[in-house]
Amino acid sequence: MELARKWIQALWFFLANGFWGFPLSGTLYQGPLKVICSPGLNCYSCPAATTYCPIGSLQQLLLGIRFSLQSGQYFFGTFVIGSMGMLGAVFGRFICGWACPFGFFQEILYKIPTRKKSIPQVFNWIKYLFLLLFVIILPLVIVDDFGMGKPWFCKFVCPAGTAEAGIPMLLLRPELRETVGWLYVNKLVILAGFVYWSIISSRPFCRTTCPLGAFYALFSKYQLIKMKLKKDACTGCGACHAVCPVEIRFNETPDSCECVNCMRCMTEACNFGAIVVDIAGYEVHSPPFKNQKITTK
């Protein structure tokens, strides 16, 4: 199952970034697919991107609300909010574990052999602050004389945007290098920090900073497709703890907002059928693993 997940992650990366003619065109893709919401964090300004980023689009919607109201254009972008809400309600953080390009990138980095370190659970709450402050409040509140705000998260923080758009566009368009200043350097430092952190810790950006992960986490208890614990079958052995990439204890917190639904606990750890995938009430089980060693508490 883990190998299949890697292939699906790679497939989603190429689906979201399928315009490989950009070295010849020298421009971003602006075709009809650009109106489609990418399920994972994927920068709109990436020269290969064929879809738009939900977080970037939400910021663009919010930063322009005041201007729209002042100019009499009552546009509230229900398509953007509706797309994100539908994805969250159906899949939730399954998207984080199966369809996010930057999540896939972090998992590849974590495979580099080195001493690994855990991330304190309290850090998990920081991403909700980024969602609330950088994506919602600042674009709405801090505006210029025309009533327009800024895409704060994309402009000042997002390492995915730096990796997918900032660096490639400078390579593609040398004339842009003259505009590089402290802001670009700051973004490079943030990216470098997350690259190093991803080598020693599992998916740190997803767990501590990603506002899209925070948004999808709001649907964890109610999403249509979710991981489910069958309490009557669970022995409390704790095998699911050891394989979890986000360091949760699934048998103790089956509805955890941090679960990225990678299904490793179900397919690699649990030998008693206690963890299943629930699809609108229909349970999908994994086959038992006869050779697995189980330790009891």
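Annotations for the structure displayed:
- Selection count, segment 96-125, where residues are crowded, with 21+ Cβ neighbours inside 10 Å and basic (K, R): 0
- Residue among P23, P39, P54, P47 that alone is in contact (Cβ under 8 Å) with a residue 40 or more places away in the chain, in contact with a strand residue (DSSP E or B) (Cβ under 9 Å, 6 or more places away or on another chain) and either closer than 23 Å to L87 by Cβ or not hydroxyl-bearing (S, T, Y) (or both): P54
- The residues listed here are S220, S202; of these, the one that is touching a helix residue (DSSP H, G or I) at 6+ places or on another chain (Cβ under 9 Å), part of a loop (DSSP other than H, G, I, E, B) and crowded, with 16+ Cβ neighbours inside 10 Å is S202.
- Selection from segment 1-30 of residues that are aromatic (F, W, Y) and open to solvent by 80 Å² or more (accessible area, probe 1.4 Å): W7, W12, F14, W20
- Unique match (being charged (D, E, K, R), more than 18 Å from the chain's Cα centre (by Cα) and at pLDDT 95 or above) among K150, K117, K127: K117
- Conditions (1) over 23 Å from F156 (Cβ atoms); (2) open to solvent by 10 Å² or more (accessible area, probe 1.4 Å); (3) not hydrophobic (A, V, I, L, M, F, W, C); number of the one not met by Y128: (1)
- Scanning segment 131-157 for residues that are touching a Lys or Arg at 6+ places or on another chain (Cβ under 8 Å), assigned to a helix (DSSP H, G or I) and open to solvent by less than 20 Å² (accessible area, probe 1.4 Å) gives a single hit, P139.
- Complete set of residues in segment 158-196 that are in contact with a Lys or Arg (Cβ under 9 Å, 6 or more places away or on another chain) and either assigned to a helix (DSSP H, G or I) or open to solvent by 40 Å² or more (accessible area, probe 1.4 Å) (or both): P159, G161, T162, G166, L170, L183, K187
- Of the residues making up segment 236-264, those that are more than 18 Å from the chain's Cα centre (by Cα), open to solvent by less than 40 Å² (accessible area, probe 1.4 Å) and closer than 15 Å to S220 by Cβ are F250, P254.
The values are calculated or read from the model by the stated rules, or taken from the named source; none is laboratory data. None of these values were measured; they are calculated from a predicted model. Methodologically, a virtual Cβ is constructed for each residue, glycine included, from the backbone with ideal geometry; neighbour enumeration extends over all protein chains shown. When the accessible area is computed, the model is the full protein with side chains, heavy atoms only, and any ligands, DNA or RNA have been set aside. Shrake-Rupley method; radii C 1.70, N 1.55, O 1.52, S 1.80 Å.
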